[in-house]
Amino acid sequence: MKQILSIADQAGPFLQAARKSALLSQTALAHRLGISQSRMSAMELDPGSISLAQLLAMCSALNLEVVVQTRGRPGDDRGDTALTEPEW
């Protein structure tokens, strides 16, 4: 699975889908991460509240990795030509 995330709000639905794809409930993933189910829910609903350490731990538990790369430019072979500014 490959997903490009450019704003924090995109992370919640992606992480939720990855959790469900792994056939894990919020409770099961929360247990693996050593957090409460309510915190797991909050992380999916408000991904802006996730620290980098929490994101990396969650990705590890879901067998995902984070890749940071230079954003594509118009005409690159990535297929997307729209450049967007991050929402700070």
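All of the numbers you see were taken from the coordinates with simple rules; none came from a lab. Being a predicted model, the structure only gives us computed values, none of them experimental. Here Cβ is always computed from backbone atoms with ideal geometry, including for glycine, and neighbour counts include all displayed protein chains.
Couple of notes before you dig in:
- Compactness of the range 9-61, expressed as Rg and Dmax over alpha-carbon positions, Å: 9.6, 24
- A simple count of charges around ILE35, restricted to other residues whose Cβ falls under 15 Å of its Cβ and scoring Lys, Arg +1 and Asp, Glu -1, yields +1.
- With R₀ fixed at 25 Å, the C-beta to C-beta distance from MET1 to SER36 puts the FRET efficiency at about 0.40.
- Charged neighbours of GLY12, selected by a Cβ distance under 9 Å, balance to -3 (K, R count +1; D, E count -1).
- Label separation (ALA8 vs ASN63): 3.0 nm, computed from points 7 Å beyond Cα along the C-beta direction.
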